Amino acid sequence: NAGVTQTPKFRILKIGQSMTLQCTQDMNHNYMYWYRQDPGMGLKLIYYSVGAGITDKGEVPNGYNVSRSTTEDFPLRLELAAPSQTSVYFCASRPDRENTIYFGEGSWLTVV
Amino acid sequence: RKEVEQDPGPFNVPEGATVAFNCTYSNSASQSFFWYRQDCRKEPKLLMSVYSSGNEDGRFTAQLNRASQYISLLIRDSKLSDSATYLCVVEGGGFKTIFGAGTRLFVKA
């Protein structure tokens, strides 16, 4: 029962470095999401995708890029990491006709 | 104006109390509404969907008022295990799903 898998779980980046957060789901869900959650705050939508080849901006897309070449994978790219991107990142997916969003366990990112 | 706004909390209540959380949303075209629960350092999990007719799941009751763009969650007979952050979630067109900032609940013995 893999569900939504995110890697890495923890990462420390230096300012200006780049990295990709990987997300994969094995449930054949069309809808996938990337959220960030700052300490003591709610989740903010970065990007989302309604199917392979289709992505759209959420509430806070600046500084990030995504791609959706397959149904399973939805990687999040950080270019030129900044301290403001220190956060917990959650990837999630959702089937077409269900209300439940399935989350990964989160990726803790610190930019120093 | 934020798309989804919630009571800031935290709410500190004794066991057995009834507590209510409110949430407002700005997009009148929003189509679906939910409450999620998030435990500390964990991912959010669906608590319940919210319908115009209201819905109840054990001690939890959710209400939706589309005219006022307002959602509520009522928890009766609070348990220690109810301590968590409760997130109001609104889905607009195109499955753009927006979370509120969350309301923290602490239930004390």
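The values are calculated or read from the model by the stated rules, or taken from the named source; none is laboratory data. Nothing here was measured: the structure is a model prediction, and the numbers come from that model. Please note: Cβ atoms are built from the backbone with ideal geometry, for glycine as well, and neighbour counts cover all protein chains shown. Side chains included, ligands, DNA and RNA excluded: accessible areas come from the protein's heavy atoms. Shrake-Rupley method; radii C 1.70, N 1.55, O 1.52, S 1.80 Å.
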Go over the candidates B:65, B:55 one by one and state the one that is open to solvent by 10 Å² or more (accessible area, probe 1.4 Å) and within 14 Å of another protein chain (Cβ to nearest Cβ). B:55
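Within segment A:52-60, identify whether any single residue is of a type in the set (Lys, Arg), surrounded by fewer than 16 Cβ atoms within 10 Å (Cβ to Cβ) and within 14 Å of chain B (Cβ to nearest Cβ), and answer yes or no.
Within segment A:52-60, one or more residues are of a type in the set (Lys, Arg), surrounded by fewer than 16 Cβ atoms within 10 Å (Cβ to Cβ) and within 14 Å of chain B (Cβ to nearest Cβ).
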Kindly indicate which of A:41, A:27 is surrounded by fewer than 18 Cβ atoms within 10 Å (Cβ to Cβ), assigned to a loop (DSSP other than H, G, I, E, B) and within 12 Å of another protein chain (Cβ to nearest Cβ). A:41
Exactly one of B:72, B:49, B:26 is over 14 Å from the mean Cα position of the chain (by Cα) and either in contact (Cβ under 8 Å) with a residue 40 or more places away in the chain or facing chain A (nearest Cβ under 10 Å) (or both), and that residue is B:26
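Quick grid of which residues meet (1) over 30 Å from residue A:5 (Cα atoms); (2) modelled with pLDDT of 95 or more; (3) among the hydroxyl-bearing types (Ser, Thr, Tyr):
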site: B:26; (1), (2), (3): yes, no, yes
site: B:31; (1), (2), (3): no, no, no
site: B:54; (1), (2), (3): yes, no, no
site: B:58; (1), (2), (3): yes, yes, no
site: B:62; (1), (2), (3): yes, yes, no
site: B:77; (1), (2), (3): yes, yes, no
site: B:84; (1), (2), (3): no, yes, no
site: B:93; (1), (2), (3): no, no, no
site: B:101; (1), (2), (3): no, no, no
The lone condition residue A:70 fails out of (1) open to solvent by 30 Å² or more (accessible area, probe 1.4 Å); (2) assigned to a strand (DSSP E or B); (3) of a type in the set (Val, Ile, Thr) is (2)
Being loosely packed, with under 14 Cβ neighbours inside 10 Å and on the phi > 0 side of the Ramachandran plot, is that true of even one residue in segment A:5-21? yes
Identify the residue in segment B:76-96 that is under 15 Å from residue B:34 (Cα atoms) and either away from chain A (no Cβ under 14 Å) or within 14 Å of the chain's Cα centre (by Cα) (or both) and, among all such residues, is surrounded by the most Cβ atoms within 10 Å (Cβ to Cβ). B:88
